[in-house]
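First the structure, in the form of structure tokens, and then the observations on it.
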Amino acid sequence: MSFSVCGKNAIVTGASSGINLAFAQLLAQKKANVIVADIQETPAFRKFQRATTSTKVMFQKTDVSDWKDLERLFEFARSELGGVDLLCNGAGVFEPVRARFASQQCNNKPSKANLPNETQDWSSFWKDTETESYKSLEINLQGLLKASRMAIRDQTTRSLSKGKGSGRRAAASDSETETVVGVILNISSLAAQYALFNQPLYCTSKAAVSSFTRAMAPLHREFGIKVVAIAPGMVLTPLWSENPDKMRAISEADVLATPEEVAETMLTLVESDKYEGGTVLEKLKETTREVLVDSPLPSGPGSTMTKMDLIYEDTIDLLLNEGGKTDSAIK
């Protein structure tokens, strides 16, 4: 029940930079057609697109928190490629999201009146500046769930149209036939296991991503749809480098993986029959392991930030300073 990306059609969200761009590049190298779905093109993406001639590399402007945008994305994939074999749910933001970075991540960004300067925190549980919802949860979790549902509907239809019925019956009737008809790869994080006091929204969203991935395990045997997740440790990407608060927690002693190293592990997770649907695979700089519900916390190079206590103390100070204030006074 292996799955080769060669000749397949893929959507990778959030792939204008970082891990997801590295994965999109790797998919193209392996002869897959790739749709990069993000809120804007980057010079790095355009360079990748120009350099790729053997397969299709396309861009579709997409805010994953906007479900109509997601509908347009899948319509685009059907019209241009005939459907989606692989969905990588890579779009995500960290907490706290800086105003400048946040304005690049969603179309429904806060008004300038709510952003007095470029360094104001946005979509932070502790700063609590939002009035209707936590946008970071809409991006990290709700967009992932909706995109997955759309992909599952598309891939289930294709599975049945190919006469596969359920994966178990297909495997029994024709052992030589590839029974993985589609793959959904979610981006989780080590934060799914850690309980980080200063980043509760991020930890909550990633824990939910891992839990959702495990819940989708039966799709593999029933319909040949393999839903898996990668849980990277520390990786030097814009999610880190464009977030000054996060960079404060890193010292020279910390070991960060490269986006390319994570992308290689993502490809293995997608293609190898060693990993069944529901697998959550942790990727550190030097090691990988499957993460179960009761697995011990991550350990080893790339699993911790040496100066995390600095951000913890900032949160405590914030709570001490807001004591007795009402919501309107805080905002």
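The values are calculated or read from the model by the stated rules, or taken from the named source; none is laboratory data. What you see is a predicted model; the values in this text were computed from it and never measured. Because the Cβ atoms are built from the backbone with ideal geometry, glycine has one as well, and the counts that use them run over all protein chains shown.
Would a scan of the range 77-84 turn up a residue that is closer than 26 Å to Pro232 by Cα and among the acidic types (Asp, Glu)?
Within the range 77-84, the first condition is being closer than 26 Å to Pro232 by Cα, and the residues that meet it are 84.
With the extra rule that they be among the acidic types (Asp, Glu), the set shrinks to none.
Looking for residues that are closer than 26 Å to Pro232 by Cα and among the acidic types (Asp, Glu), one finds none in the range 77-84, hence no.
Residue count for the range 286-330 satisfying the condition of being among the small types (Gly, Ala, Ser), modelled with pLDDT under 85 and assigned to a loop (DSSP other than H, G, I, E, B): 6.
Within the range 95-115, not a single residue is modelled with pLDDT of 70 or more and closer than 21 Å to Ala32 by Cβ. In the range 83-93 there is at least one residue that is under 17 Å from Ile139 (Cβ atoms), at pLDDT below 95 and part of a loop (DSSP other than H, G, I, E, B).
Out of Gln25, Gln60, one residue alone is modelled with pLDDT of 95 or more, of a type outside the set (A, V, I, L, M, F, W, C), in a strand (DSSP E or B) and within 22 Å of Gly182 (Cα to Cα). It is Gln60. Answer with yes or no whether Leu141 is aliphatic (A, V, I, L, M), out of contact with any His (no Cβ under 8 Å at 6 or more places or on another chain) and at pLDDT 95 or above. Spelling it out, Leu141 is indeed aliphatic (A, V, I, L, M), out of contact with any His (no Cβ under 8 Å at 6 or more places or on another chain) and at pLDDT 95 or above. For residues in the range 177-218 being of a type in the set (Ser, Thr, Tyr) and part of a loop (DSSP other than H, G, I, E, B), which is modelled with the highest pLDDT? Looking at the filtered set, the residue picked out is Ser188.
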